[in-house]
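Here's the structure we're looking at; comments come further down.
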Amino acid sequence: MEEQKKRMLSMVQPSGHLTLGNYLGAIRNWTTLQDEYDCVFALADLHAITVRQKPADLRRNTYEVLAQYMAAGLDPEKSVLFIQSHVAAHAQLAWVLNCYTMFGELSRMTQFKDKSRSHADNINAGLFDYPVLMAADILLYQPNYVPVGIDQLQHIEICRDIAQRFNSAYSETFTIPEPYLGKMGGKVMSLSEPTKKMSKSDPNPNGFILLMDKPEDIMRKFKRAVTDSDMRVVCREDKPGVSNLITIYAQATGKTIEEVEAEFEGKGYGEFKPAVGEAVVEMLRPIREETERLLGDKAYLEKVYRDGAQKAERIAQRTLDKVYRKVGFVKR
Ligand code: ATP
Ligand code: LTN
C-alpha cells in the first residue's frame, strides 16, 4: 500500500518585496520539501491589509511574490500555489475560530505588540485578530507541518491551542500541526541593526536585501553592513553582525560555519564583506532573472493561481463543512 504523504502548508504576506530573510528563512526550504510532502503554499493578502497597503502596490506585489515562489523553485505541478483571498473559506473559518480564541491570549502575541508600536496610528482589529486568520489558514488544510521562521512560532502555538480547544469541545476535527524549522536561516538579521530580524517593512533599506535588488546595491549594502571593531571573522554571540554575515555566506555557498571561519582566518572584514556580497549576488541572480521572465507572462501566472485556488478550495471546503456541522449550523 502506498503510504500517504504528510502535508505541509505555509504562506507569505505580499506586503512588500521579498527579502533575503524570506528566501533563506522560508521559501528556499520549501522547495526542498516538495517531493517528500504534499505541499500547499499561498500568498496571505488578507493578512497584508492589517497594515495599510496601496492597492496598486498590493496587486503588483502579489504577482511578484507568486513569480518569486516559482522562480525559487516552487512547482505548480507539485505544490498547490494560490492567493488567500481567492478561497472564501479562510475568512469563514476565521470567524468561527474567533469564538474559540480568548482576548487575553491574543493580547500576549509579540507580533501584535511590535506592530502596534510600529503602526501606532492604525492598531486595527485585524491586526489583533491576525493569529486567528492564520490559524484558519492552517487548520483548513489539516497539515502535519508548517514551515516558518522563528518569529512565527508563537502563532503556530496559538493555532495549536485553538485547534485543541475545538477538538475537545466537539470531537477530532483538526490535525494538530507542528512547526517545521529549517536547519539554518531560522532568523536572518538586519544588516544595519543585527539584533533585529531582517524585515521587508524596515524603513531603512540598508537593513535588508531584496531578491530583486540590483547586484551593485547588494554589494553596497554588504560592504556597509554593521559589524564590530574586532576584525575577526568568527561566529560568536557578542558579534551579532559578523555572525549573521557568516551564516548568510554559509547558506549562499553551501559551506559550514567552521569552513567559513577557516576560509577567512587572519583576513579582515575588508575581504570578507565583499565575498558575502558576491556569493549572495550569484545565489539571487537566477531567481531575479526568472522572476522577471515570469512577470512578463501574466497569462501563465493567472492560470497558476486559478488552478491553485480550485485545488485549495476543494480541500478547504471539506474542513469548513465539517466545522459548520459540528458547531450546529443548519445545512443550506
Ligand atoms: P513584515 O516585515 O511585513 O512583517 P516579513 O519580512 O517578516 O514581513 P513575512 O511575510 O512575515 O515577512 O514572513 C514570511 C516568512 O518568512 C515567514 O515564514 C517568516 O518566518 C520568514 N521570515 C521573514 N523574515 C525572516 C528573517 N529575517 N529570517 C528568517 N525568516 C524570515
Ligand atoms: N503570518 C505569517 C504569514 C502567514 C502564514 C499563514 C504562515 C499567514 N498565514 C499560515 C504559515 C501558515 C508571516 O507573516 N510570516
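Assuming charge only on the beta carbon of Lys and Arg (+1) and of Asp and Glu (-1), the dipole of the chain about its Cα centre is about 1060 debye to the nearest 20. For the range 273-332, the alpha-carbon coordinates run over 63, 31, 11 Å along the three principal axes, in decreasing order. Multiplying the residue separation of LYS78 and ARG52 by 0.36 nm and subtracting their alpha-carbon distance yields 6.0 nm.
Alpha carbon centre of the range 27-83 versus the range 89-139: separation in Å? Rounded to whole Å, the Cα centres lie 21 Å apart.
Derived from the Cα gyration tensor, the three semi-axes of the equivalent ellipsoid of the range 1-138 are 27, 20, 14 Å, largest first.
A Förster distance of 41 Å, applied to the separation of the beta-carbon atoms of SER107 and ARG236, puts the FRET efficiency at 0.70.
Which helices pass in the chain if a helix is a full DSSP H run, must span at least 18 angstrom along its long axis by Cα, and must have mean Kyte-Doolittle hydropathy not below 0.5? Those that clear 18 Å and a mean of 0.5 are 125-139, 240-253. A dipole drawn for the range 248-320 from +1 and -1 charges on Cβ atoms has a positive end, and of VAL281, GLY296, GLY254 the residue lying farthest that way is GLY296. Packing, taken as the mean count of other beta carbons within 10 Å per residue, orders the peptides 101-108, 71-78 from highest to lowest as 71-78, 101-108.
Spin-label pair ASN122-GLU216: with each label point 7 Å from Cα along the Cα-Cβ axis, the two points sit 3.3 nm from one another.
Divide the volume of the convex hull around the Cα atoms of the chain by the residue count and you get 156 Å³ per residue. Summary value for the chain: 22 percent relative contact order, contacts being C-alpha pairs under 8 angstrom separated by 6+ residues. With both labels modelled 7 Å from their Cα along Cα-to-Cβ, the SER171 to GLU292 distance reads 5.8 nm. With all projection directions averaged, the alpha carbon convex hull of the range 39-81 covers 3.1 nm². Taking all C-alpha pairs of the range 1-77, those more than 21 Å from each other amount to 31 percent. Determine the shape class of the range 205-332: with a ≥ b ≥ c the square roots of the Cα gyration tensor eigenvalues, call it rounded for a/c under 1.5, and otherwise prolate if a/b is greater than b/c, oblate otherwise. Here the range 205-332 falls in the prolate category. Taking every alpha-carbon pair under 8 Å whose residues sit at least 6 apart, the range 161-308 reaches a relative contact order of 19 percent. In this calculation the C-beta distance from ALA91 to THR195 is compared with R0 = 41 Å, giving a FRET efficiency of 0.70. In terms of Cα atoms, the Rg and Dmax of the range 165-233 work out to 19.5, 60 Å.
With the convex hull of the Cα atoms taken as the outline of the range 90-150, the averaged projected area works out to 4.8 nm².
Stretching the chain fully between ILE150 and GLU3 yields a gain of 49.9 nm (0.36 nm per residue, less the alpha carbon separation). Sorting the segments 277-289, 130-142 by their mean number of nearby beta carbons within 10 angstrom, highest to lowest, gives 130-142, 277-289. Given a 10 angstrom Cα cut-off, can you work out which residue in MET11, MET198, MET231 is the most mobile in a GNM of the chain? Looking only at MET11, MET198, MET231, the biggest GNM fluctuation is shown by MET231. Working note: Cα atoms of the range 102-189, range along each principal axis, descending, whole Å: 41, 34, 18. Averaged over residues, the count of other Cβ atoms within 10 Å places the peptides 147-156, 316-325, 242-251 in the sequence 242-251, 147-156, 316-325, highest first.
The numbers here are math on the coordinates, done by the rules we state, and not lab data. Predicted, not measured: the structure shown is a model, and the values here were computed from it. Reconstructed Cβ throughout: ideal geometry from the backbone, glycine too, with neighbour counts over all protein chains shown.
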